[in-house]
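Notes follow the structure.
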Amino acid sequence: MEAEPASAVVRCGGGACAGGGTAARPGAGGRGWMVRGGLGRAMALLLCLGLTAALARGCLHCHRDFSEKFSFYRHHVNLKSWWVGDIPVSASLLTDWSQDTMKKLHLAIPAEITREKLGQVANAVYQKMDQLYQGKMYFPGYFPSELRAIFREQVHLIQNAIIESRIDCQRHCGIFQYETISCINCTDSHVVCFGYNCESSAQWETAVQGLLLYINNWHK
């Protein structure tokens, strides 16, 4: 097999995403004619932007109230069940909450969440947890079962929050960027994506040119 030309490869982190060939361009009615040139690299970059996996710890730990809230939950877990066997199980669930979250996310895109959506997820989780802790001691098995239910709901909320932000990108035309928090180290980050919601061939042409310019600047 012949080696792929360097111009057809877009580097993505430590690996490479293959590109090349031609891609469709919309006509007067939407998407009909062909653009030749660097569109292979453009589409390869989109794969890099959308499919790079991140080794994150779970997102919720990036919220400003996480440490205080979960410290309280862990320190009061021994008051929540009549059965002594529930205490170590529940304590383990709380201690491993962040790392277990990432194991269950199963995202094929970087785990980067907007501050607004992180706040919404965190408030929903804290509300459920606070309600659970308002009760007195529970019968055996109930408390860890409820913790697992809250955990599963939290995973779904984080998944939806991250994916919804990516879907919202499609409502734009061309390169779009939005601010996020990286779940890897809780630092400010941003997501760059390409929106296909162009209303005319002229807008699409401008969007493609913007994408190619972005790629050229990215390689410098």
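Taking Rh as the Kirkwood radius, which is the inverse of the mean 1/r over Cα pairs, what is the Rg/Rh value for the stretch 60-142? All intermediate terms of the calculation are to be shown ahead of the outcome.
On the way: Rg = 14.2 Å, Rh = 14.1 Å.
With Rh from the inverse mean 1/r over Cα pairs, Rg/Rh is 1.01.
Quick check on the stretch 74-220: take the gyration tensor over C-alpha atoms, sort the square-rooted eigenvalues as a ≥ b ≥ c, and tell me if it's rounded (a/c under 1.5), prolate or oblate.
Working: a/c = 4.06, a/b = 3.09, b/c = 1.31.
Judged from the Cα gyration tensor, the stretch 74-220 comes out prolate (a/c at least 1.5, a/b above b/c).
Taking the Cβ of S189 as the center, what net charge do the other residues with Cβ under 12 Å away carry, scoring Lys and Arg +1 and Asp and Glu -1?
Working: positive: R115; negative: E112, E179, D188.
That works out to -2.
Looking only at the stretch 172-202, which residues have a backbone nitrogen under 18 Å from a spot 7 Å from the Cα of S67 in the C-beta direction?
From the stretch 172-202, the list is 182-188.
For S200 and Q131, calculate 0.36 nm times their separation in residues minus their Cα-Cα distance, and state this gained length in nm to one decimal. Intermediate values should be presented prior to the final figure.
Details: separation 69, 0.36 × 69 = 24.84 nm, distance 5.16 nm.
Gain on extension, S200 to Q131, equals 19.7 nm.
Residue by residue through the stretch 136-141, what is 3J(HN,Hα) from phi via Karplus (6.51 cos²θ - 1.76 cosθ + 1.60, θ = phi - 60°)? Round to whole Hz and write x for glycine and proline.
Here the 3J(HN,Hα) series is 7, 5, 9, 5, x, x Hz.
Could you tell me whether the stretch 133-220 comes out rounded, prolate or oblate from its Cα gyration tensor? Rule is a ≥ b ≥ c as square roots of the eigenvalues, rounded for a/c under 1.5, then prolate if a/b exceeds b/c, otherwise oblate. Please report the intermediate quantities before stating the final value.
Working: a/c = 5.55, a/b = 2.81, b/c = 1.97.
Prolate.
Evaluate E = 1/(1 + (r/R0)^6) for E153 and N185, where r is the Cβ-Cβ distance and R0 equals 22 Å; express this FRET efficiency to the nearest 0.05.
Working: r = 25 Å, r/R0 = 1.15.
Once rounded, the FRET efficiency stands at 0.30.
May I ask which residue of T180, N217, S81 lies farthest towards the positive end of the charge dipole of the stretch 77-220, with charges of +1 (Lys, Arg) and -1 (Asp, Glu) on Cβ and the Cα centre as origin?
After comparing all options, I get S81.
Laboratory data are not the source of any read-out in this text; all were calculated from the coordinates shown. This is a predicted model, so every value here is computed, not measured. Here the Cβ is made from the backbone with ideal geometry for all residues, glycine too, and neighbour counts use every protein chain on show.
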